[in-house]
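Some notes on the structure that comes next.
What follows is calculated from the coordinates using simple rules that are stated; it is not laboratory data. Because the structure is a prediction, the values reported are computed rather than measured. We place every Cβ from the backbone using ideal geometry, glycine too, and count neighbours over all the protein chains shown.
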Amino acid sequence: MTSPYAIQVINLTHTYISKKEEIVALKSVSFDVSPSEFVALVGSSGCGKSTLLSLIAGIFPSTHGKILLYGQEVRGPTPLTGYMLQKDGLLEWRTVEQNLTLGLEIQRQATREKIAHARFLLGQMGLSHVLHHFPSQLSGGMRQRVALVRTLAVQPEILLLDEPFSALDIQNKLHLEELLIQVLREHKKTAVLVTHDLEEAIAMADRIIVLGGQPGEIRRTLEVPDEIRSLSPLKARGHALFRPLFEELWREVERP
Ligand code: ADP
Ligand code: MG
């Protein structure tokens, strides 16, 4: 089936139900993402960003509405998507190499070619020398780079990133932003990034969706101008259009 969209979120509502209460986390959210587009989701804490990403990843089903990936309805986790969180989730008893091949093993795709590709990506991240190290021997920034390679190793078409850099210091964060953008552009991947860092959203995304309220709804969508998009995340921050866009975004997120 061919679809012009990588992701279609259609009238999505999600309610968490426990014995004590019902929490409506998202209400009537709809948007599309084109192939190789990079969309950032921003919004105040608790407005449903992580819920939305988990639903796209097929971790649990939504209460109402549906999600299509390349025209196919999401009914559970699929190899089309790679999902990365703030916590790196590396297994401490496996070496870096064994961590990288874990997803491939689970999907029964640990071919020589794919393992070689994972090693190549690790090299792109400047980490070939830690192949046989254990995660506990790595810094936070290195661990997150390994986690990124692991997500990319299974070659998903769509990357779902939930605040992947938020625990990193600014140096590591900027470095990883650059690496991620390079890899995404080179391999023409589609990405949805959840971040509370508005600068990061502007520096990396083609389009920014602002969620707000509880339950979360889409408040606004902002296109990042070509002048900023054509620059690397580091250089984008220095462009004259960056600050005005940041202020506009800030007002939207802060609006009660
Ligand atoms: P964000 O990522 O934007 O901070 P979340 O998607 O984590 O927001 O949460 C949205 C709302 O859903 C919040 O009110 C949160 O408390 C609630 N929520 C999130 N996860 C669960 C869960 N597993 N059970 C019940 N409520 C949840
Ligand atoms: Mg969250």
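What is the antiparallel percent of DSSP beta bridges lying wholly in the range 121-256, to the nearest 5?
Expressed as a percentage, antiparallel bridges in the range 121-256 total about 55.
Given the options Q144, Q182, Q155, which has the most mean-square fluctuation in a GNM of the chain, springs set between C-alpha atoms less than 10 angstrom apart?
Q182
Between H196 and E227, 0.36 nm times their residue separation minus their Cα-Cα distance comes to what?
Difference between extended and current length: 8.9 nm.
What percentages make up the Cα-Cα pair-distance distribution of the range 120-238 when the bins are 10 Å wide from 0?
Whole-percent P(r) values from 0 Å outward: 12, 42, 33, 11, 2.
Once fully extended, how much extra length lies between S136 and R220, figured as 0.36 nm per residue of separation less the alpha-carbon to alpha-carbon distance? If you can, show how the numbers build up before the last one.
Values: separation 84, 0.36 × 84 = 30.24 nm, distance 4.17 nm.
Stretched out fully, the S136 to R220 stretch lengthens by 26.1 nm.
What helices does the chain hold that run 15 Å or longer along their axis, going by alpha-carbon atoms, with a Kyte-Doolittle average of -0.5 or more, using DSSP H for the helix calls? Walk me through the numbers before you get to the answer.
Values: long enough: 112-124 (18 Å, -0.38); 140-153 (19 Å, 0.21); 170-187 (25 Å, -0.20); 242-254 (18 Å, -0.62).
Helix filter hits for the chain: 112-124, 140-153, 170-187.
Pop the C-beta distance of V24 and S3 into the FRET formula with R0 = 41 Å and round what comes out to the nearest 0.05. Mind showing how you got there, number by number?
Values: r = 29 Å, r/R0 = 0.70.
That gives a FRET efficiency of 0.90.
Calculate, for S34 and Q155, the FRET efficiency according to 1/(1 + (r/R0)^6) with r their C-beta to C-beta distance and R0 22 Å; round to the nearest 0.05.
0.70
Rounded to the nearest 5, what % of the DSSP beta bridges within the chain are antiparallel ones?
Within the chain, antiparallel bridges account for around 50 percent of the total.
Relative contact order of the range 101-256, please, whole-number percent, based on alpha carbon pairs below 8 angstrom and at least 6 residues apart.
18
Before anything else, pin down the relative contact order of the range 190-244: Cα pairs under 8 Å, at least 6 apart, normalised by residue count, whole percent.
Answer for the range 190-244 is 30 percent.
Take R112, R243, R219, R150 and order them by how many other Cβ atoms sit within 10 Å, fewest up front.
Ascending number of Cβ neighbours within 10 Å: R112, R243, R219, R150.
Just how large is the dipole of the range 1-86 about the Cα centre, in debye to the nearest 20, putting +1 at every Lys and Arg Cβ and -1 at every Asp and Glu Cβ?
Magnitude of the dipole: close to 240 debye.
If you only keep lysine pairs separated by 8 or more in sequence, or across chains, how many in the chain come under 19 Å at the Cα atoms?
Going through the chain pair by pair, I get 8.
In which sequence would Y83, Y16 go, from the one with the fewest C-beta neighbours within 10 Å to the one with the most?
Lowest count first: Y16, Y83.
Order by neighbour count: I10, I170, I228, fewest other Cβ atoms within 10 Å first, most last.
Result, fewest neighbours first: I170, I10, I228.
Mean projection of the alpha-carbon convex hull of the chain over all orientations, in nm²?
14.6
Which ³J(HN,Hα) values in Hz, rounded to whole numbers, follow from the phi angles of the range 98-106 under the Karplus curve 6.51 cos²θ - 1.76 cosθ + 1.60, where θ = phi - 60° and Gly and Pro get x?
5, 5, 5, 8, 4, x, 5, 5, 4
Charges only on Cβ, +1 for Lys and Arg, -1 for Asp and Glu: so what's the dipole of the chain about the Cα centre, in debye to the nearest 20?
Value, rounded to 20: 520 debye.
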